[in-house]
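Dumping the structure here so I can ask a few things about it.
All of the numbers you see were taken from the coordinates with simple rules; none came from a lab. Quantities reported herein were computed from a predicted structural model and do not represent experimental measurements. When we count neighbours, we look across all protein chains shown, and the Cβ atoms used for this are built from the backbone with ideal geometry, even at glycine.
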Amino acid sequence: MGKAPAHGRVPNSDVFINCPFDDEYQPCFEALLFAITISGYRARCALEENDAGDIRFDKLRRLIEQSDYTLHDLSRIQLGANELPRFNMPFELGLMMGAKHFGGPKQRTKRACIMVARDYVLPKYLSDLAGNDPTAHGDDPRAVIRIVRDHLHNDPSGKRLPGAAHMAELFDKFCADLPALAQRAQLTSDEVHARHGYNNFMDMLRGFCAAVPGVASRVG
């Protein structure tokens, strides 16, 4: 395992994803999932469970509690079709901040990465985070991969990760191979959609990563 921090506990490999779930964000969402998985970590998000009896807040609270790493994309600041803003992403970031600052010893070790679409905009709509240094991706999936890779830096065992350019090349190959992987698994394109078929998509992604030389040992 990696080197234990000063408090003596090695972080787990769970990474909570707090991001938009819409068509425009789809390529960045796929890049997020890919960067986390190829790095040997376990992506966690509300889409992984489909239990109608599970209240969404309870699900989010549980996922955040279980994840030592969290990624928050606050890039969706425009009004929706109903001319109202979306507060889900800032709310989930607030849940994590509350856990980190008011929770027990395990919760206080959480690491967070905050992403935005454009530089220097966040203080205009979330001034309470003034002084934080979010990273802008410009709605570019390759930039998302770079941000996630640089934030994690090492795999869960402590070994330095390969560069973002290499990961981006593998991401392009995965996207190109996904239709054939789905067909081999007797799944339609809709059934491996990253949002609508999340668990199938993750099965295809983990299988792809496990077949990449040098990556299988990280994916497990």
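Under 5 Å between amide H atoms, partner at least 5 residues away or on a different chain: which partners does MET115 have, H built in plane at 1.01 Å?
Those qualifying (amide H under 5 Å, at least 5 residues apart or on another chain) are HIS72, ASP73, LEU74, THR135.
Where the centre of each part is set by its Cα atoms, how far does region 88-105 sit from region 180-220, in angstrom?
Their Cα centres are 31 Å away from one another.
Could I ask something else about it? At 7 Å along Cα-to-Cβ for each site, give me the label-to-label distance between ALA211 and GLN186 in nm.
1.8
Then there is this: Spin-label point model (7 Å from Cα, Cβ direction): what's the ASN199 to ASP177 distance in nm?
2.4
FRET efficiency for ASP23 and LYS100, Cβ-Cβ distance as r, R0 = 41 Å, nearest 0.05? Intermediate results must be reported in sequence, preceding the final value.
Details: r = 32 Å, r/R0 = 0.78.
So the FRET efficiency works out to roughly 0.80.
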